[in-house]
Amino acid sequence: MKIDWLRKLTSRKFWLSVASFVSMMIVAFGGTESEAAQVSALIVAGATVLGYLLAEGLADSAHTDTSSES
């Protein structure tokens, strides 16, 4: 079974799961809730940027493919 990594990396559910897991690990290992919240915010912000970049790249790629066929 092949994993579609591009789809995974642009999934909001995936990134929220990663942020939640990391937050819980921070708290479990003695970090504060404030630190966990800051790290989660950074993960989600990074995921937003990554998702945008991947989506724009795909859109640009699709536009280039259709314009070259004309």
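No lab work stands behind these numbers, since they all come straight from the coordinates. Remember, predicted model here, so these are calculated numbers, not experimental data. We place every Cβ from the backbone using ideal geometry, glycine too, and count neighbours over all the protein chains shown.
Each residue of the stretch 38-45 is assigned a 3J(HN,Hα), and the resulting list reads 5, 5, 4, 4, 5, 5, 5, 5 Hz, derived from the Karplus form 6.51 cos²θ - 1.76 cosθ + 1.60 (θ = phi - 60°), x at Gly and Pro. Along its first, second and third principal axes, ordered by size, the chain spans 60, 29, 12 Å in Cα coordinates. Basic side chains Lys and Arg get +1 at the Cβ, acidic Asp and Glu get -1 at the Cβ, and with that the dipole of the stretch 7-68 about its Cα centre reaches some 240 debye. If I build a Gaussian network model for the chain, linking alpha-carbon pairs within less than 10 angstrom, which residue out of 28, 37, 45 has the largest mean-square fluctuation? Maximum among the listed residues: 28.
Can you give me the relative contact order of the chain as a percent, contacts being Cα pairs under 8 Å and 6 or more apart? Rounded, it is 34 percent for the chain. Here residue 55 and residue 35 are evaluated by their C-beta separation; at R0 = 30 Å the FRET efficiency comes out at 0.50.
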